[in-house]
Every structure is written in C-alpha cells, then in structure tokens.
Amino acid sequence: MLSIFVEIIKIFALDGLPKDSHIYRVGQDGEAVWERMKQFNSNGINVIWQYIVFKYNEADMEAAKKLAKDNNINIDFKASNRWEDDDELKPLSPQHYSSNDAIEFYPQCVHGQQGLAFFNVYDGFFSPCCKIHHPNTLNEMGITDDSLHIDNIKCVDDIILSEQWSNFFNVLQHDASKIPKECLMKCSVKANKIKIRI
C-alpha cells in the first residue's frame, strides 16, 4: 500500500501589519485575515505571511517580523517591480524595489517554500510542479515512465529519488537548453522580484 506524506502550505497575502493591509488590498479585513492565519497555524498547517513592501508598510517590517516570530509564522517579504516614478505607494528604500527588467528562470520546484518541492499527481504520475498541467510537458520532463506510475511504486521515495527525477532536476539547474518551454514560461520572473526569506 502506498503511503504519502503531504505538507500543506497556506500562503496569506497581508501587505503590512494587519491593521494596515487594506491600504493596498482595498476591502481586505487585515485583522480577520490575521486571525485566520493564526487559526490555520494552530491546526498544524505551515502558514506563510506574504508581505509586499510598500511605502506605507516598510517602516513596520521589524514589527511584522516580531509578530510573525511570536506566533510561529513564517514571513516572506517581497519587493515589487511594478512602480512608476511618481507612485505614492513606492517604497522609499531602493532595496525594496528595483527598475531592472531582466528575466531570470527561477524554478519553484527547486526553490520552493523552505526548500520543499510542490507535488501534484496527473494521470497517475507525480509532477514536481503545481503549475504544469500539459501531458506533453510531463513527457518532456521525462517523468512519465511506466515504472513511475503511482500503481507501480511502493512509496513516494521510489519516484522522488528515481533517476528520471534526478535527471529532470539536473537539467533545470545545469542545462538551460533542455528546460521544457512550459517550465520557462511558468517560472521565469523579473530578476528584481526579490524574495527576502526570514
């Protein structure tokens, strides 16, 4: 019998302290979102607080870090690149924004939350990605070998530690010419979309 361990990760977009998040996310009840985050966390779900840095909240980053730490919640500060020069929400500190438009391949299955890959099952095959849905891409990844079908394995490690998966991750990290097109489309980001992990 196949046994699968799945860790649930819930990401909440709360840009600033709970009392201020509505400034960007109009209509959001930040206090209610914060209470929901704590509730999920108390139920054993890995909660991540996604905090986009704006002018109105950049001075609150230390307070947010403390609030997150006190409640055993991970916080993920993000710097946006969607600024016009006269944007009233643009942070004051250049480290919290950038105008660089360079594109960079940043595969989430390699750089997932806390180093975890995201696993999904399509047609009986595990995929290391929650964004890839096209069967041709799964074939191109080389992970749809019959030996890797969920009916033909004893445990998930048989898939994750397989030669096929190892080859796929090796390509992602070392051979840009062989990266599936859909992977490039789904996981290419502007290089200045900085992710500050706490």
Residues other than residue 48 with Cβ under 9 Å of its Cβ, Lys/Arg counted +1 and Asp/Glu -1, net out at 0
Taking the highest mean first, how do the peptides 84-95, 156-167, 69-80 order by number of other beta carbon atoms within 10 angstrom per residue? 69-80, 156-167, 84-95
Of the listed pairs 69/90; 10/178; 38/154; 69/181; 10/55; 10/181, which have alpha-carbon separations greater than 30 Å here? 10/178; 38/154; 69/181
Excluding residues fewer than 8 positions from residue 65 in its own chain, the aspartates and glutamates with Cα under 19 Å of it are 15, 20, 31, 35, 76
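Bear in mind these aren't lab numbers, they're just calculated from the coordinates by the rules spelled out. Given the structure is predicted, the values throughout are model-derived calculations rather than measurements. Methodologically, a virtual Cβ is constructed for each residue, glycine included, from the backbone with ideal geometry; neighbour enumeration extends over all protein chains shown.
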